[in-house]
Structures are given as C-alpha cells and as structure tokens.
Amino acid sequence: TALLAGTFLVAALSKVFALADAAHLLATVLPRLRRWARPAALGTIALELLTGVLLLVPGTQRAGLALTGAALLVFTAFAIVGARRAPGTDCSCFGNLMPTRLGWATLVRNLFLLGLVAVAWPAAAAPSLADIVVASLLVLSILVVSRLSAAVTSLRRSAGGVKPRHAT
C-alpha cells in the first residue's frame, strides 16, 4: 500500500503546481464540461490526497484500496477517451514531473497499479515508516529518471538528432 500511497500523493502534489495543465487536459478531452474543468482538477487533487492518506492510516487501508481501484478505473477510462479524442495530448498524471502522452503507457501503468491493488487487498495493513520512505523514494526516483529522459530527448530533438513522435 505504501507504493500506491506514494504514487497518489506525488501525483496530487505535482498537480497542485500544474493545476492549469490538468484543467486544460480535462477541458480538451471533455469539452462539454469545459466550464467545470478547474473544479474537476481540484477535485482530482483532493481525491488523490484522500486516497494516499487512507492508504497510510491504520484501519483505513481497505477503504483506501477501494478508492484507489475506483479512481484508477475512472482514470483509465479517461485516458482511453483522451487518447482517442486528443491524440498526443500530455496526460498531466504527474503534473510537470513526468510528461507523458495519453495512450498505451498510461493504460499499462494504470493496469499495473490496479494489479497492486488486487495483490494488497487480502493483506491490507498500514505500511511501516520504512515502507513509506522506500516507496516514496522509488516513486520519486522513477519520476526523476523519466524527467531526465524527457530532457535528453528534448535536447536531441533540438539538435536535430530525433524527430518528434507526435509531430503536428
């Protein structure tokens, strides 16, 4: 549960600093809800914070896992719709920490996290402080490596070495 909690807490905190991007994504994928995009983005942040906290607090892990599963199903459906309606759009899943496109990678990541929910369900218990620290470091390491990879790719593109995958 620590890895799931870390993932949701990092996602929420990164969206706080990229709220406009998250709201723009919602308005792009669901244009009929454009006027509600900012409140929906704030609601997503609140949902992710609540989920992360429930996964960490003793006695609330089952509720946290249920909320995690439900949120991941909704996020996955949104990613599928977004990939079809706005191909090549940044997912804003982790704000500006991990720029990725809506598509297969988002789907695979969400399915992996849903698998973690299924594995954690039978033995739902509050993680130890060491578990929380290790999971947080793992999530942050993945985000840093992803960000560095994106920076290297961007530099290579600007030098003319790599053509953009999502050229317009």
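The heavy atoms of F94 offer some 20 square angstrom of accessible surface to a 1.4 angstrom probe.
Size descriptors for the stretch 30-82 (Cα atoms only): Rg and Dmax, in that order, 12.9, 40 Å.
Each label point was placed 7 Å from the Cα along the Cα-to-Cβ direction; for L73 and A130 their separation is 3.6 nm.
Inter-label distance, L42 to W104: 3.9 nm, where each label sits 7 Å from its Cα along the C-beta direction. Accessible surface comparison of W36, W121, probe 1.4 Å, protein chains only, largest first: the order is W36, W121. In this structure, the amide hydrogen of S92, modeled 1.01 Å from its nitrogen in the peptide plane, lies closer than 5 angstrom to those of T100, counting only residues at least 5 positions away or on a different chain. Using the Cβ-Cβ distance between V53 and R156 with R0 = 35 Å, the FRET efficiency computed as 1/(1 + (r/R0)^6) comes to roughly 0.30. Ligands, DNA and RNA excluded, the heavy atoms of R109 present near 50 Å² of accessible surface to a 1.4 Å solvent probe.
The values are calculated or read from the model by the stated rules, or taken from the named source; none is laboratory data. Just so you know, these numbers come straight off a predicted model, no measurement behind them. Glycine gets a Cβ as well: all are built from the backbone with ideal geometry, and neighbour counts include every protein chain shown. Just the protein is used for accessible areas: all its heavy atoms, side chains included, with ligands, DNA and RNA removed. Shrake-Rupley method; radii C 1.70, N 1.55, O 1.52, S 1.80 Å.
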